[in-house]
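Notes to accompany the following structure.
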Amino acid sequence: MSTTTAPQTSRTGETPPSEPMIRLEKLTKQYPGQPAPAVDRVSMDIPRGEIIVLVGPSGCGKTTTMEMINRLTEPTSGRIFLDGADVTRDNPDALRRRIGYVIQQIGLFPHLKVSENIAVVPKLLGWNRRRINDRVDELLDLVGMDAAAYRDRYPKELSGGQRQRIGVARAMAADPPVMLMDEPFGAIDPITRERLQNEFLRVQQQVQKTVVFVTHDVDEAIKMGDRIAVLGQHSRIARYDTPANILSDPADSYVENFIGSGASLKRLNLTRVRDVVLETGCPTAYLTESLPQIRRRLLESDWTALLLLDQGRPRRWVTARDLTGSDADLATVGLPAVALVEPQATLADALNEMLTSNAGVAVVVDGRGVYRGMIDLDTIMIEARSMRRGTTEFYRAAKRSLTGGEA
């Protein structure tokens with residue numbers, strides 16, 4: 001029997017309410033003709049407002065466990081509680097309208113426009129047209145898509161990443177308190193996947209849904225989850241805790257082997273860019289400024305390159321050589337400013353971008369693309385060391401002394 005109670009603090013350090021949003025009690029699924037259950041007496045408390053990731057090897061029953069929560073798969077035995085109410089025998093259609101659902105294949109209706117796809121559940125709930133239209137526009141804005149440009153398009157006119165965003169918007173349409181996500185970013189290229197992960201984390205910071213997220217990717221679990229349930233065969237829970245606690249104390253060889261090597265690198269997925277002290281000393285200039293002004297600013301700094309901004313957005317890196325002469329075209333000189341990360345990205349994301357950067361740093365921008373600062377390798381090394389037990393204050397003090405600010 002697998003029984004566990006969630007730890008009392010989340011990654012954010014907040015204490016969740018005593019009543020979990022979802023409670024599973026001895027949940028079991030036995031398929032006819034099979035010698036062992038697919039899911040064997042799983043018990044779990046899922047705090048409200050958190051992302052809980054179910055991770056485990058293929059065939060261990062993680063998707064079946066998740067699908068029993070909204071009764072897409074009917075449990076053989078056990079009970080499901082939603083917000084304190086036993087929903088094990090409730091009408092399954094009514095239950096599903098209270099729970100958003102996002103799958104890897106997205107499942108948009110090809111004959112319906114984007115707005116119509118998002119509106120499916122609100123229409124079933126009897127919302128009026130104005131309320132539906134307002135909700136569609138609100139959700140498109142929330143997932144970073146312009147309503148005027150996308151609401152009347154069909155799914156075939158969208159990229160894979162755009163369709164996945166619409167899938168998330170549709171799952172949130174009726175403002176459900178709970179969302180189930182079955183490998184939602186698994187069928188997307190790595191660059192788009194990283195962007196969608198960060199976009200979802202940004203949205204989650206605003207909406208604070210209770211999310212059950214299935215993946216087989218440990219790195220994704222560490223990045224996305226407030227808590228992780230590492231599952232063994234038959235969905236037996238091998239470990240259920242925060243990512244930080246699992247990385248520092250796997251508890252047994254099964255969990256340790258599943259997590260794999262490189263725990264120090266994996267810990268970089270525990271810290272967001274927004275949580276670290278940014279480098280703000282890099283010289284910057286606007287494309288509208290004069291060449292002599294820009295050249296003087298660079299030469300008076302300790303940097304070998306300057307970041308050119310266009311309406312506050314990073315555009316190009318330039319050196320003193322690029323700024324020689326009187327006819328330099330600021331729109332084309334130097335090198336393009338790449339390696340951009342947003343505050344909700346992880347340090348692992350920043351390090352990955354940094355390795356591709358022309359300047360050896362990751363440039364931090366807000367949700368509108370406006371420059372906010374930079375992350376360099378020293379910052380990442382100091383934060384990585386601070387994750388080791390007993391050394392946090394030492395290294396953060398070192399960072400304060402380097403920057404003259406507060407860590």
Matching helices (runs of 4 or more DSSP H) fully within region 122-187 where at least 2 residues are in contact with a Gly (Cβ under 8 Å, 6 or more places away or on another chain): 160-171
Residues within region 49-90 that are in a loop (DSSP other than H, G, I, E, B), closer than 26 Å to Val255 by Cβ and open to solvent by 30 Å² or more (accessible area, probe 1.4 Å), tallied: 3
Scope region 155-192; condition surrounded by fewer than 18 Cβ atoms within 10 Å (Cβ to Cβ) and in contact with a strand residue (DSSP E or B) (Cβ under 8 Å, 6 or more places away or on another chain); matching residues: Pro177, Gly186
Residues satisfying the stated conditions in region 302-329, i.e. in a loop (DSSP other than H, G, I, E, B), farther than 17 Å from Gly360 by Cβ and either open to solvent by 20 Å² or more (accessible area, probe 1.4 Å) or free of Cβ contacts under 8 Å to residues at least 12 places away in the same chain (or both): Gln311, Ala320, Thr324, Gly325, Ser326, Asp327, Ala328, Asp329
Tally, over region 334-362, of residues that are within 19 Å of the chain's Cα centre (by Cα) and among the β-branched types (Val, Ile, Thr): 2
Region 335-353, residues that are of a type in the set (A, V, I, L, M), open to solvent by 10 Å² or more (accessible area, probe 1.4 Å) and not in a loop (DSSP other than H, G, I, E, B): Leu335, Leu340, Ala348, Leu351
Per-region count, region 73-87, residues under 30 Å from the mean Cα position of the chain (by Cα), over 17 Å from Arg48 (Cα atoms) and of a type in the set (Val, Ile, Thr): 1
Hits in region 128-146 - residues which are open to solvent by 20 Å² or more (accessible area, probe 1.4 Å) and in contact (Cβ under 8 Å) with a residue 12 or more places away in the chain: Asn133, Arg135, Asp137, Leu142, Gly144
From the options Asp86, Asp40, Asp90, residue that is of a type outside the set (Phe, Trp, Tyr) and in contact with a His (Cβ under 7 Å, 6 or more places away or on another chain): Asp40
Out of Ala359, Ala339, Ala350, sole residue that is within 26 Å of Glu220 (Cβ to Cβ) and touching a residue at least 40 places away in the same chain (Cβ under 8 Å): Ala350
In region 206-244, residue surrounded by the fewest Cβ atoms within 10 Å (Cβ to Cβ) [restricted to those that are touching a Phe, Trp or Tyr at 6+ places or on another chain (Cβ under 8 Å) and β-branched (Val, Ile, Thr)]: Val218
Given (1) surrounded by fewer than 18 Cβ atoms within 10 Å (Cβ to Cβ); (2) among the charged types (D, E, K, R); (3) at pLDDT below 90; (4) in a helix (DSSP H, G or I), number of the condition Arg297 does not satisfy: (3)
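The values are calculated or read from the model by the stated rules, or taken from the named source; none is laboratory data. The structure presented is a predicted model; accordingly, all values stated were derived computationally and were not measured. Every residue, glycine as well, gets a Cβ built from its backbone with ideal geometry; the counts of neighbours run over all protein chains shown. Side chains are part of the model used for accessible areas, which takes the heavy atoms of the whole protein and leaves out ligands, DNA and RNA. Shrake-Rupley method; radii C 1.70, N 1.55, O 1.52, S 1.80 Å.
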